[in-house]
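Let me begin by presenting the structure, written as structure tokens, before commenting on it.
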Amino acid sequence: MPQQTTVAVENSFIKGLVTEATGMNFPEQAVTETFDCIYDIDGSVFRRTGFDFEPNFTTKTIDRSNRAIREYVWQNVSGNVILQS
């Protein structure tokens, strides 16, 4: 019986989330984007659990009809460009 070839993908994300690297200097064993995950020191990845609401929780509905909504982008602190985000 001939051997069958298989492809095995093994990922170890021991470096976790790296957002400051580019495609040219991106470190191995890291990810660029992740949602609701927790990285363990050994490279294991776990999904973050959801919210555990209390038995008597309530939600608040805000009526936005006939209201003005304004957005603002905060550029820097007190006009100091060194402290920009």
- Task: Sort out which residues of the range 15-31 are of a type in the set (A, V, I, L, M) and open to solvent by 80 Å² or more (accessible area, probe 1.4 Å), and write them in order of number.
- Result: Leu17, Met24
- Task: Being open to solvent by less than 100 Å² (accessible area, probe 1.4 Å) and not acidic (Asp, Glu) is the filter; apply it to the range 41-67 and report the residue that is nearest to Gln29 (Cα to Cα).
- Result: Gly43
- Residues Phe13, Phe57, Phe46, Phe26: which one is part of a loop (DSSP other than H, G, I, E, B) and either at pLDDT 80 or above or basic (Lys, Arg) (or both)? Phe57
- With respect to Thr34, is the statement that it is hydroxyl-bearing (Ser, Thr, Tyr), in a loop (DSSP other than H, G, I, E, B) and open to solvent by 100 Å² or more (accessible area, probe 1.4 Å) true? no
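The values are calculated or read from the model by the stated rules, or taken from the named source; none is laboratory data. Everything numeric in this text was worked out from a predicted model, so none of it was measured. The accessibility values were calculated without ligands, DNA or RNA, using every heavy atom of the protein model including side chains. Shrake-Rupley method; radii C 1.70, N 1.55, O 1.52, S 1.80 Å.
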